[in-house]
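A short write-up of the structure that comes next.
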Amino acid sequence: MRISIIGSGVVGKATGIGFHRHGNDVIFHDIIKEKLFMLKKQGYEVTEDQLEAIHNSSISFICVQTPTLNGKMDFSYVKKAIVGIAKTLRKKRKYHLIVIRSTVLPSTTRTKIIPLLRKHSRLIPGKEFGVCVNPEFMKRASALNGFLNPWRILIGEFDKRSGDVLETLYSPFKVSVIRADLDTAEMIKYVANTFLATKISFFNEFFIICKKLGLDPHFVAKVVSLDPRIGEYGIYGGRSFKGSCLPKDLEAFINFTKDKKLNPKLLDAVSLINKKMKKCESLTAKAHE
Ligand SMILES: NC(=O)c1ccc[n+]([C@@H]2O[C@H](COP(=O)([O-])OP(=O)(O)OC[C@H]3O[C@@H](n4cnc5c(N)ncnc54)[C@H](O)[C@@H]3O)[C@@H](O)[C@H]2O)c1
């Protein structure tokens, strides 16, 4: 299949290179020339022109950033990319599948992205274009390996046709493909990331308690983790969670639920413990200066 990658950063690059390895034609697009230059040097097809990317593909993966600004998900990058694509689709007038890879809060695709696509393309979703949400669960440090060896593939679909096209693309991956509606797929990504954050804060809380009691927190955690239901991820306390996803997704999700008058007490505590841990780290760093 012919695929375009809109946003060739960590996720876009891994997705595009991964699909290329599976025999697809991939064209990368980004607003930063240097990113395209590097990909071109590695032999990949690139374009600075979004229109060219859309015209030369039948599926576009939207992989632009969704940072958290003042506690809220910044939708501006997705919006800009989507409006541009919609205007191009208006001229293309050939069925095209839009796949949202960026992490977006539950209901974003249904209530914001599809209306934008509809408005600026004047096309009918499900008939003239398809839409899927396909969250990525990879780790930044091993993005390509994570893409090529996923634990599961999650497809949120606007309609059956959209899901079928994306599932066909993923058919060489020997792993279960789970299909859901758009909102559910978006929610699953946040549940996964906030759970990982929760696990880290949980073990950080015990790290602090063990230290206060004169016990070895790493030995305690290691023995606890031998239960396969618990596992080793995030158990070695003493460090806050950082990285490009967990802090921003936790914060955006907490505020998302608060806006809906829900009160995520556990997630608030997870965030609080992380702030406490961060403070401990900076105090330790200062003490070592
Ligand atoms: N990094 C991870 O490990 C990871 C894992 C899972 C999900 N995600 C999610 O995937 C999304 C992308 O993350 P990332 O780490 O790849 O971000 P990134 O910053 O590495 O890449 C985003 C790219 O999009 C480009 N871009 C922005 N606006 C554009 C536009 N209008 N047209 C074309 N390109 C545009 C940027 O220049 C940048 O190169 C985010 O929503 C993130 O939360 C990231």
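The values are calculated or read from the model by the stated rules, or taken from the named source; none is laboratory data. No experiment lies behind these values; they were computed from the predicted model shown. Heads up, the Cβs are rebuilt from the backbone with ideal geometry, glycines too, and the neighbour counts pull from every protein chain shown.
Odds and ends about this structure:
- Condition check for Lys174 on (1) modelled with pLDDT under 95; (2) within 18 Å of the chain's Cα centre (by Cα): one failure, at (2).
- Of the residues making up segment 199-254, those that are among the small types (Gly, Ala, Ser) and in a loop (DSSP other than H, G, I, E, B) number 8.
- Within segment 60-77, the set of residues being more than 16 Å from Ser121 (Cα to Cα) and surrounded by 15 or more Cβ atoms within 10 Å (Cβ to Cβ) comprises Phe61, Ile62, Cys63, Val64, Gln65, Thr66, Thr68, Met73, Asp74, Phe75, Tyr77.
- Residue among Ile82, Ile54, Ile3 that is crowded, with 22+ Cβ neighbours inside 10 Å and more than 12 Å from the ligand (Cβ to nearest atom): Ile3
- The strands (runs of 3 or more DSSP E) found wholly in segment 21-90 and carrying at least 2 residues that are touching a residue at least 24 places away in the same chain (Cβ under 8 Å) occupy 25-29, 59-62.
- Residue in segment 22-31 that is over 19 Å from the mean Cα position of the chain (by Cα), in the same structural domain as Glu136 (by TED's automatic domain parsing), closer than 21 Å to Arg140 by Cβ and more than 9 Å from the ligand (Cβ to nearest atom) present: yes
- Looking across Phe129, Phe147, Phe137, one residue alone is at pLDDT below 95 and closer than 21 Å to Ser60 by Cβ. It is Phe137.
- Within segment 97-113, the set of residues being free of Cβ contacts under 8 Å to residues at least 60 places away in the same chain and away from the ligand (no atom under 16 Å from the Cβ) comprises Thr111 only.
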